[in-house]
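Here the structure is laid out as structure tokens; the discussion comes afterwards.
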Amino acid sequence: MTQVAEIEQLVDRYRLWLKDRTKLKSVHSDWVEITTPFLDRHNDYIQLYVKKENGGYNLTDDGHTIRDLEISGCNLDTPKRKNLLEMAVRGFAVDVSNEILSVRATAENFALRKHALIQAILAVNDLFYTASSTVRSLFKEDVEAWLRLSEIRFLVNVPFVGKTGYLHNFDFAIPPSGRAPERIMRAVSNPTKDTTESFIFSWLDTREVRPSDSIAVAMLNDQEKAISEAVFDALRQYDIEPVLWSGREASRERLAA
């Protein structure tokens, strides 16, 4: 068997795999549910919905992809997140409307458009959940939005030169008032031993050159997993106040002072 014939045989097997693992089911009166062999981030099969209309076909994810992100705490309610979403689907010519990903297809390009929609769904998941820098940026946005909603005065991206001469950047600084001292805050999207130690070093070096009553606050992202007690112990040992994102409302009045 030649190499070309061998590869052709593998491609044929792939086509058969796609056909055998694709299931169809009628839902409602005019929609068909397609269960594909492709997996989402939960290892569940990606499902599409198809309706014949206006001489062509309308294919959608029925809003599942974006709703799933929102249920997981990743709301697409800021300009930056909306831009990231548009970037994820733009190359596949997929429309986004009312949280639904969709494409239009004809009988001739149905397979191509269906594949484009699946790839867009996978891209949206990958964009928001595989890039740690993106996750950190999004959590920081959540914290900033909450501070504004809570009418807490703050500065964004505040750099301080520490005693050692190193420059340390903090996500937020709440200026002192007649009722409370300066508070310096970092949004910790992934509270681990390494990120905790990094914040501790930044605070210890910075504390030497800040007012003696300055307070450090760590806003800890506990949306995806529970946070180890070791993280809390380490922060408190160095006079850093830990605040769980899930329990942020309990700190609202104190931070607004």
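Rule-based calculations on the coordinates, nothing more; no lab input. Predicted model only: the values in this text are computed from it and were never measured. Neighbour counts are summed over all protein chains in view; Cβ atoms, including those assigned to glycine, are modelled from backbone coordinates with ideal geometry.
Here are the numbers:
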| quantity | calculated |
| --- | --- |
| Principal-axis tilt of helix 110-129 within the chain, Cα atoms, nearest 10 degrees | 10 degrees |
| Among Leu39, Leu147, Leu48, residue whose mean-square fluctuation peaks in a GNM of the chain (springs only between Cα atoms under 10 Å) | Leu39 |
| Which of Asp30, Asp40 has the fewest Cβ neighbours within 10 Å, and the rest in rising order | Asp30, Asp40 |
| Degrees between helix 79-90 axis and first principal axis of the chain (Cα, 0 to 90, nearest 10) | 20 degrees |
| Angle between the chain longest axis and helix 3-21 axis [Cα atoms, degrees, rounded to 10] | 80 degrees |
| Highest-fluctuation residue, Met87, Met219, Met185 considered, GNM on the chain with Cα pairs under 10 Å | Met87 |
| Estimated 222 nm signal from helices in the chain, with DSSP H stretches of n ≥ 4 weighted -39500 (n - 2.57), rounded to 500 | -13000 deg cm²/dmol |
| Partner lysines for Lys140 [C-alpha distance under 26 Å; skip if fewer than 8 residues away on the same chain] | Lys80, Lys82, Lys193, Lys225 |
| Within the range 3-130: Cβ-based charge dipole about Cα centre, in debye rounded to nearest 20 (Lys, Arg +1; Asp, Glu -1) | 100 debye |
| Among Ala230, Ala107, Ala145: highest mean-square fluctuation, GNM of the chain, C-alpha pairs under 10 Å | Ala107 |
| Length-normalised contact order of the chain in % [C-alpha pairs under 8 Å, at least 6 apart] | 11 percent |
| Dipole-positive endmost among Ala226, Leu138, Val243 within the chain (Cβ charges, Cα centre) | Leu138 |
| Cβ-derived FRET efficiency at R0 35 Å, Glu151 paired with His115, nearest 0.05 | 0.15 |
| Farthest toward positive dipole pole in the chain [+1 Lys/Arg, -1 Asp/Glu at C-beta], among Thr78, Leu155, Asn54 | Asn54 |
| Positive-end extreme of charge dipole, the chain - chosen from Asn125, Val103, Leu24 (charges on Cβ) | Val103 |
| Charge dipole magnitude, Cβ of K and R +1, D and E -1 - the range 130-212, Cα centre, debye nearest 20 | 200 debye |
| Spin-label model distance (nm) - Ile7 vs Arg236, 7 Å beyond Cα toward Cβ | 6.2 nm |
| Rounded to the nearest 20 debye, dipole of the chain from Cβ charges on Lys, Arg, Asp, Glu | 300 debye |
